[in-house]
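The values are calculated or read from the model by the stated rules, or taken from the named source; none is laboratory data. Predicted, not measured: the structure shown is a model, and the values here were computed from it. Cβ coordinates were reconstructed from backbone atoms using ideal geometry, including for glycine residues, and neighbour counts include every protein chain displayed. Side chains included, ligands, DNA and RNA excluded: accessible areas come from the protein's heavy atoms. Shrake-Rupley method; radii C 1.70, N 1.55, O 1.52, S 1.80 Å.
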Amino acid sequence: MQLATAAPASAPTTGASRPVEPPRRDIQGLRALAVGLVVLSHFWPGRLPGGYIGVDVFFVISGFLITSHLLTKPPQRWRDLGAFWGRRVRRLLPAASLVLLVSLAASVAFLPATALPRIAHETASAALYVENWALAGSATDYFAADDLHTPVQHYWSLSVEEQFYIVWPLVIGAALWCARRFRSRFPWVEVGLAAVFVASLAYSFADTASKPAQAYFVTPTRMWELALGGLVALVAVRGYRLVPRAGRAPLAWLGIGAIVASALLYDAATPFPGIAALLPTVGAAAVIAAAADDAPWSPDRVWSARGVQLTGDISYSIYLWHWPLIVVTPFVLGHDVYWPVKIALMVVAFLLAWLTKVLVEDPVRRSRGLARPLWRTFLVGALLMGVTVGAATGVRMHEEHVAQQAQDAVASALHADSTCFGAAAAREKACDFVGSKLLTPATYAKTDKAQVYEDDCWNAQPFTSRKTCTYGAKNPTKRIALVGNSHGGYWQPALADIATRNGWQVTTYLASQCYPADAVQLIGPASDGENCRKLARWQISSIASGHYDLVVASNRTWLQLKGVAAADRGDVARGLFAKTLKTWTDAGVPALVIRDVPFHQKPVPDCVAENPTDLAACADPEKTALVRDPLFEAARGDRSGMVSTLDLTPRFCKDGTCYGVVGGVIAYFDQGHMSATFSRTLEADVEAPLARALGE
């Protein structure tokens with residue numbers, strides 16, 4: 001089957017012997033600008049918060065170059081497509097695989113063990129060029145928000161490009177085949193590229209508005225940026241004069257101005273990509289369309305500089321190396337890095353990039369032995385991907401084995417003599433409060449979550465679900481409702497065990513982030529805030545009408561309320577919670593409100609992994625760790641006689657300090673969410689108040 005009309009007969013299929021045209025100076029300059037913005041933004045995010053738009057500039061450049069190639073030498077046969085993909089493999093995979101393997105090895109050597117499962121997962125995803133989808137998944141996971149950065153997460157943009165390289169030749173090839181098949185003057189290629197551009201742009205606008213965290217990474221929201229470069233290439237290849245000679249220099253300067261302006265004006269709060277991505281991408285397209293290398297008064301004098309051209313030439317490897325250096329170096333040095341070290345790291349990244357270009361990229365790209373026969377290219381590519389995925393899988397399996405051993409040890413400890421295990425150490429004066437030995441390894445604690453996580457009992461964004469889960473006796477003598485956000489969910493292990501022993505039953509009404517107050521909470525798109533309110537009304541009314549013997553409520557009140565000043569949030573929330581409690585007590589349902597537990601400045605398992613011989617190092621002053629709890633305040637102020645309270649702060653804090661490890665047990669799986677193991681060690685503190693509230 002032929003894919004296109006005839007191409008020049010002299011066009012080789014493998015690319016091994018094709019004369020290499022010198023790159024356009026303006027495109028090399030754009031590459032240098034793009035990678036410079038990304039690197040500076042990553043090293044100094046506070047000073048150049050919008051530097052991430054450099055990635056979008058790269059997308060436009062890639063779209064232009066790839067489309068130019070495909071239209072100039074269109075694929076005629078499937079073998080031509082194989083040759084195209086083979087060139088991409090030789091150009092990109094060797095350097096990418098090298099950096100992935102080095103980053104994985106450095107992570108094992110220097111980073112906390114708690115980070116390794118995620119790093120291994122993302123390394124495998126990056127090797128398979130689906131890292132953007134992996135990050136899209138974790139970006140929507142509230143409980144992954146506090147995880148350490150991985151040294152390979154910047155591969156998300158490379159994943160988008162590789163997916164583009166797979167799809168784009170098929171799109172152009174199909175359009176050219178249609179043009180030949182139907183022998184019409186219909187502009188199949190023009191319409192095909194424009195359709196991809198418009199559809200992706202529209203999807204990007206919609207998805208950025210509705211799912212901003214996920215939209216940043218997924219391919220459909222980014223495809224239009226590459227297609228924009230493709231449209232510029234299409235017009236240029238068709239021989240149309242894009243810009244009159246007198247306008248080339250001004251257009252190039254305007255394009256650069258648009259790119260720099262977006263880098264300076266945008267920040268992490270800018271909805272992106274969406275409409276905001278038009279400024280830097282149209283700016284990049286303008287520079288390419290201007291083709292101002294030889295135009296008077298153009299930026300050519302700047303981007304022709306040897307250093308700029310060299311930076312553009314090695315920009316791919318600079319991008320690969322700079323981020324692992326940023327992530328790993330603080331753990332190597334044992335402290336945060338400041339500007340002298342940052343400058344040194346930038347120099348190291350430049351040198352590593354140059355060496356990678358000279359020793360890896362160029363030799364492989366020019367290798368005749370790999371290009372002919374073509375199957376060798378794909379074999380080497382498959383081996384590189386296989387080795388990388390295999391290494392990552394080995395790391396992940398090892399950490400999972402360690403976690404399983406820890407889980408077995410914890411189960412034994414809970415059923416054995418637990419006099420000083422976990423919260424028991426805080427109850428018994430003879431025990432060491434923190435513990436002299438770590439009984440729950442950090443890697444285990446990272447995943448030591450309540451059963452409600454595995455059972456997917458959360459009503460999460462966009463807060464349209466209405467899930468409940470039930471634990472305990474099937475034919476209970478008492479029915480208990482557990483309500484709150486994630487800071488209520490971590491009481492499920494203790495409550496479920498107590499309920500099972502006593503013939504009671506616990507039903508969950510849990511939300512992710514939202515709290516049970518009849519108000520619009522500011523989270524994500526406006527519709528999510530409204531949905532929070534609807535979810536809260538459902539929680540409140542379902543418990544009031546559910547014939548429960550008791551409602552147990554615990555919550556962290558951190559979302560801002562619509563129309564309420566930040567300084568007034570606590571007082572307003574307390575009033576709203578008072579109304580919630582009154583709704584329940586008026587319906588005859590008593591309530592037990594448990595105070596929120598202390599909150600730490602960094603994830604406790606990560607801190608323990610970094611300080612394995614000093615468990616007391618993972619602690620914070622009580623005055624900062626113990627945040628205000630308006631729900632608890634409302635419960636304390638209730639005068640119905642049907643609301644009781646429970647404050648277990650003394651099980652976490654002693655002498656003005658709140659600890660992340662108590663009785664040898666890591667009490668949190670992140671910064672503020674209690675681990676399932678520690679929750680169970682609090683059963684002795686919870687059971688008696690629970691029985692009293694039930695009238696037992």
For residue 505, state whether it is in contact with a Pro (Cβ under 8 Å, 6 or more places away or on another chain), free of Cβ contacts under 8 Å to residues at least 60 places away in the same chain and of a type in the set (S, T, N, Q).
yes
Looking only at residues that are aromatic (Phe, Trp, Tyr) and touching a Lys or Arg at 6+ places or on another chain (Cβ under 9 Å) in region 296-319, which one is modelled with the highest pLDDT?
316
Residue set 142, 240, 155; condition at pLDDT 90 or above and not charged (D, E, K, R); output residue 155
Are any residues in region 46-61 open to solvent by less than 20 Å² (accessible area, probe 1.4 Å) and either in a helix (DSSP H, G or I) or touching a Gly at 6+ places or on another chain (Cβ under 9 Å) (or both), and if so, which ones?
51, 53, 54, 55, 56, 57, 59, 60, 61
Got at least one residue in region 358-379 being over 25 Å from residue 148 (Cβ atoms), small (Gly, Ala, Ser) and assigned to a helix (DSSP H, G or I)?
yes
Could you list all residues from region 197-215 that are surrounded by 21 or more Cβ atoms within 10 Å (Cβ to Cβ) and modelled with pLDDT under 95?
208, 215
Within region 471-507, residues in a helix (DSSP H, G or I) and open to solvent by 20 Å² or more (accessible area, probe 1.4 Å) come out as 497, 500, 501, 502
As an exercise: evaluate residue 188 against (1) within 30 Å of residue 106 (Cβ to Cβ); (2) at pLDDT 85 or above; (3) surrounded by fewer than 22 Cβ atoms within 10 Å (Cβ to Cβ) and give the number of the one condition it does not meet.
(1)
Hey, residue 114 modelled with pLDDT under 90, hydroxyl-bearing (Ser, Thr, Tyr) and either over 16 Å from residue 217 (Cα atoms) or not in a helix (DSSP H, G or I) (or both) or not:
yes
Filter result for the condition that a residue is open to solvent by 10 Å² or more (accessible area, probe 1.4 Å), among the aliphatic types (A, V, I, L, M), over 26 Å from residue 234 (Cβ atoms) and part of a helix (DSSP H, G or I), over 126, 105, 120
105
Search region 538-551 for residues that are farther than 15 Å from residue 582 by Cβ and pair each with any residue that is open to solvent by 20 Å² or more (accessible area, probe 1.4 Å) and assigned to a helix (DSSP H, G or I) when their beta-carbon atoms are under 8 Å apart and the residues are at least 6 apart or on different chains.
550/693
By residue number, the members of region 446-470 that are in contact with a Leu (Cβ under 9 Å, 6 or more places away or on another chain), polar (S, T, N, Q) and either open to solvent by 40 Å² or more (accessible area, probe 1.4 Å) or under 20 Å from residue 646 (Cα atoms) (or both) are 464, 468
Looking only at region 176-233, how many residues end up being acidic (Asp, Glu) and outside any helix (DSSP H, G or I)?
0
For region 417-445, which positions are open to solvent by 40 Å² or more (accessible area, probe 1.4 Å), part of a loop (DSSP other than H, G, I, E, B) and out of contact with any Gly (no Cβ under 7 Å at 6 or more places or on another chain)?
417, 418, 419, 428, 429, 430, 432, 436, 441
Candidates 270, 281, filtered to the one that is within 24 Å of residue 136 (Cβ to Cβ) and outside any helix (DSSP H, G or I)
270
Residue that is surrounded by the fewest Cβ atoms within 10 Å (Cβ to Cβ), among those in region 641-652 that are modelled with pLDDT of 95 or more and assigned to a loop (DSSP other than H, G, I, E, B)
647
Any chance residue 125 is of a type in the set (S, T, N, Q) and modelled with pLDDT of 95 or more
yes
Over region 385-397, the set of residues out of contact with any helix residue (DSSP H, G or I) (no Cβ under 8 Å at 6 or more places or on another chain) and modelled with pLDDT under 95 is 397
Specify which of the listed residues (275, 259) is of a type in the set (Val, Ile, Thr) and within 23 Å of residue 44 (Cβ to Cβ).
259
Mind checking which residues of region 403-431 are modelled with pLDDT of 80 or more and hydrophobic (A, V, I, L, M, F, W, C)?
420, 421, 423, 424, 425, 426, 430, 431
Could you run through region 653-671 and say how many residues are open to solvent by less than 10 Å² (accessible area, probe 1.4 Å), among the aromatic types (Phe, Trp, Tyr) and over 25 Å from the mean Cα position of the chain (by Cα)?
0
Hits in region 249-267 (condition: in a helix (DSSP H, G or I), of a type outside the set (A, V, I, L, M, F, W, C) and either surrounded by fewer than 21 Cβ atoms within 10 Å (Cβ to Cβ) or in contact with a Phe, Trp or Tyr (Cβ under 7 Å, 6 or more places away or on another chain) (or both))
250, 257
Mind checking which residues of region 366-393 are farther than 17 Å from residue 129 by Cβ and either touching a residue at least 24 places away in the same chain (Cβ under 8 Å) or of a type in the set (Val, Ile, Thr) (or both)?
366, 367, 368, 370, 371, 372, 374
So the check is Cβ under 6 Å with 6+ separation or different chains; which pairs have a first residue in region 81-94 that's at negative phi and a second one that's open to solvent by 10 Å² or more (accessible area, probe 1.4 Å) and small (Gly, Ala, Ser)?
87/15
State whether the residues of region 675-685 include one that is under 18 Å from residue 112 (Cβ atoms) and either without any contact (Cβ under 8 Å) to a residue 60 or more places away in the chain or not hydrophobic (A, V, I, L, M, F, W, C) (or both).
yes
Would it be correct to say that residue 350 is within 30 Å of residue 35 (Cβ to Cβ), open to solvent by 60 Å² or more (accessible area, probe 1.4 Å) and touching a residue at least 40 places away in the same chain (Cβ under 8 Å)?
no
